[in-house]
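Everything on this sheet refers to the single structure shown next.
The values are calculated or read from the model by the stated rules, or taken from the named source; none is laboratory data. Bear in mind the structure is a predicted one, so any value in this text is a computation, not a measurement. For neighbour counting, all protein chains shown are included, and Cβ atoms are generated from backbone atoms with ideal geometry for every residue, glycine included.
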């Protein structure tokens, strides 16, 4: 391992003990973490987050703890934690969020690599590995930049709603999710294939987009299509008008026998390879309308 730049300790960490004398010309070992810049995997599959480290001690067999956290360096919530007793090669799992995180590496051999099972779009984000020594030596170190886990997914229609509008008109809302975020388009009577302006990702739904069709002017089938580089999905709603009483227009949504239909088509394509690079610690951290009818594919 090549010596890195000067490292500032994490607040609260004890200073590193003096190193034993080294032969002339021997490289100085420093604290460092090596992680790839990004790992990419498809939703439903598994991903491995590599993490290896170096430390300044010639030999260490005391108690240690391996930690992975998500979202924010030093302060993000922990998703995995294990502890190894003095002299033990076994790192006993103390925390595994939803039981989907498993240590692949051996911390005694400077490897904290983690496997994440059954990926979901919510797992997309940045993850940080950390090691803590205890006993006679009190040292701890965490990857400052972490590794970005990118979860990809073909589009899925989350909901399709028809809502009443002014002057006995109706409008439709379509929400879809995927990664990359899908592009939405509407087609229907007198519409052709009209691209729909999608709203930005909603809070807590970073992979969802919503598009509105402001006026359903004709009876017939209206279809929302979501597409990205991994595939496409469609959902349709049928609009029929009838006269329940003289001069009183009404909407007949094809529920029950008529069938509110949603059509889904999914496909997959290849995923890009992750780009790798190394990092070291360089500084310290300083309502939906109740009258709406919704189609759930």
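Quick notes on this structure:
- Counting only residues that are buried (at least 16 other Cβ atoms within 10 Å of the Cβ) and closer than 25 Å to residue 135 by Cβ, region 79-95 holds 6 of them.
- Those residues of region 29-70 which are outside any strand (DSSP E or B), within 13 Å of residue 142 (Cβ to Cβ) and within 26 Å of the chain's Cα centre (by Cα), in sequence order: 35, 51
- Matching option when the condition is more than 22 Å from residue 34 (Cα to Cα) and touching a helix residue (DSSP H, G or I) at 6+ places or on another chain (Cβ under 6 Å), among 94, 153, 120: 153
- Of all residues in region 197-252, those that are in a loop (DSSP other than H, G, I, E, B), modelled with pLDDT of 75 or more and either crowded, with 19+ Cβ neighbours inside 10 Å or over 23 Å from the mean Cα position of the chain (by Cα) (or both) total 8.
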